[in-house]
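For reference, the structure is listed below as structure tokens.
Derivation of every value follows stated rules applied to the coordinates shown; laboratory data play no part. Predicted model only: the values in this text are computed from it and were never measured. We place every Cβ from the backbone using ideal geometry, glycine too, and count neighbours over all the protein chains shown.
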Amino acid sequence: MTWLIQFFQTSIGKKFLMAVTGIMLVFFLITHLAGNLMLFGGAEMFNNYVLSLRSIKPLIRIAEVVLVLIFICHIFSGIQVTLENRKAKPQPYRVSPGSSTSKFYSRTMAVSGSVIFIFLVFHLQTFWWSFQKKQGNDTGFYEIVVNSSVGYKNPAIALFYIIALLLLAIHLRHGFQSAFQTFGLGESRYKGAIEKVSVLFWLIIPLGFVSIPLYFGFIK
């Protein structure tokens, strides 16, 4: 165990931890998106989905604790790596030297990460907390998300969600590039195929989330 602690105290260990926790969070996003897309099925479908999660509440609570720990590890290691990179050289960390695209994604990591953190806090204080206050088989979850003052009925809230989710896409784009570099796949023979598959995670999934506030906030 000592060697593992020592490894995570090294520069590569911190980058490895950030990459692994980041990928774990992306897989959480997949399951979260699947549930959120049930909003398009109407109030009954979404309310029944939330109630079904309540039937396994102890497991959900354990999953939430694990998720929080993953978030903390990801944020803490990300701050450490950023500070070390700035101390080591004046210019921001770049995955592919000479690439203006990589420089843009790299420069926005701190900003996008900060906005995403604010977005998560807001999300927990509104939707998540409102859901927790409901007891037994009470429904109305759909109304909270779609028609309440803290939901997508409020154009400002819907716009904030859209901006935060677009920044999430930018954050994931550079995150996947950095993860490939950390795992030694940045210049491998599989680089092209891996980058194509990663589009599903850093582009398609965020756009799936964006479709929800876009539709219920500005189209419906």
- [ ] Equivalent ellipsoid semi-axes for the chain, as square roots of 5 times the alpha carbon gyration tensor eigenvalues: give them largest first, rounded to whole Å.
- [x] 34, 20, 16
- [ ] Give me the number: length gained by fully extending Phe218 to Ile118, i.e. 0.36 nm times residue separation minus the C-alpha to C-alpha distance, one decimal in nm.
- [x] 33.7 nm
Task: Gain in span if fully extended, Leu4 to Ala110, counting 0.36 nm per residue against the direct Cα distance - done: 35.4 nm
Task: Ile56-Thr31 pseudo-label distance in nm [points 7 Å out on the Cα-to-Cβ vector] - done: 0.7 nm
- [ ] Tell me which residues come under 5 Å, amide H to amide H, from Ser148 once H is placed; ignore anything under 5 positions away on its chain.
- [x] Lys153
Open item on the list: Which of the three applies to the range 134-216, rounded, prolate or oblate, going by the alpha-carbon gyration tensor with a ≥ b ≥ c and a/c under 1.5 meaning rounded?
Closed with: prolate
Task: Burial ordering of Leu29, Leu53, fewest other beta-carbon atoms within 10 Å first - done: Leu53, Leu29
TODO: For the pairs Lys134/Lys220; Lys15/Lys134; Lys191/Lys220; Lys57/Lys153; Lys57/Lys196, note any where the Cα-Cα span goes beyond 32 Å.
DONE: Lys15/Lys134; Lys191/Lys220; Lys57/Lys196
Task: Exposure proxy ranking, count of Cβ atoms within 10 Å, fewest first, for Ile79, Ile212 - done: Ile79, Ile212
TODO: Can you find, among Tyr215, Ala88, Gln181, the residue farthest towards the positive end of the dipole of the chain? Put +1 on the C-beta of Lys and Arg, -1 on that of Asp and Glu.
DONE: Ala88
Task: Cut-off 18 Å, label 7 Å out along Cα→Cβ of Glu64, residues of the range 29-56 by amide N - done: 29, 31-33, 35-36, 47-56
- [ ] Provide Trp202, Trp129 in ascending order of the number of other Cβ atoms located within 10 Å of each residue's Cβ, fewest first.
- [x] Trp129, Trp202
Task: Selection from His123, Phe7, Phe46, by position along the positive dipole direction of the chain (Cβ) - done: Phe7
